[in-house]
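Here is the structure we will look at, set down as structure tokens.
Just so you know, all these numbers are worked out from the coordinates, no wet-lab data involved. Predicted model, so just to flag it, every value in this text is computed and none were measured. Note: ideal-geometry Cβ built from the backbone for every residue, glycine included; neighbour counts use all protein chains shown.
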Amino acid sequence: MDFKKLLSNFFSRNSKTNKKGTYVTSDPSDKNLRWGVDNQPTQMNKAYIVLSKEERAKGFVRPVRLSYIHKTCNTSTFMSREIAETYARDPKYYGSTFCSNCQMHRPISEFLWEGSDETVGS
């Protein structure tokens, strides 16, 4: 897969906001952040929290992976590089993540890193 092309389609070149209006922030007080899991389909959050650029620059304890599979529906979901780097720096940082097929944020225990049998967040 051409991840660079997929990410360029997801994020505009002039902004950290993707074409669906979602952006990443390291500010935990951002008014557009939402937390937790969903019990019914919903849209993606307007904002997603990530570790600061400086914290991510300290290095990674796990590989940077850009996609995961939801075990429930067997669908792959791609994420921004900043979110992928946050997982790589601190695998336990998130408690839930979004499934692009189910249209819900679900516990990370329901997801595997694409191409492996490793649970997201492990």
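One table, with the values for the structure above:
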{"quantity": "Matching residues, segment 88-107, being among the polar types (S, T, N, Q) and either surrounded by fewer than 17 Cβ atoms within 10 Å (Cβ to Cβ) or not in a strand (DSSP E or B) (or both)", "calculated": "S100, N101, Q103"}
{"quantity": "Pairs, first of a type in the set (A, V, I, L, M) in segment 73-93, second assigned to a strand (DSSP E or B), C-beta under 8 Å, six or more apart", "calculated": "M79/S67; M79/Y68; M79/T97; I83/V24; I83/Y48"}
{"quantity": "Within segment 80-100, tally of residues that are of a type in the set (A, V, I, L, M) and closer than 11 Å to W113 by Cβ", "calculated": "2"}
{"quantity": "Options E85, E118, E110; residue that is more than 13 Å from the chain's Cα centre (by Cα), crowded, with 19+ Cβ neighbours inside 10 Å and of a type outside the set (S, T, N, Q)", "calculated": "E110"}
{"quantity": "Unique match (being in contact with a Lys or Arg (Cβ under 7 Å, 6 or more places away or on another chain), within 19 Å of K92 (Cβ to Cβ) and surrounded by fewer than 15 Cβ atoms within 10 Å (Cβ to Cβ)) among V24, V37, V64", "calculated": "V37"}
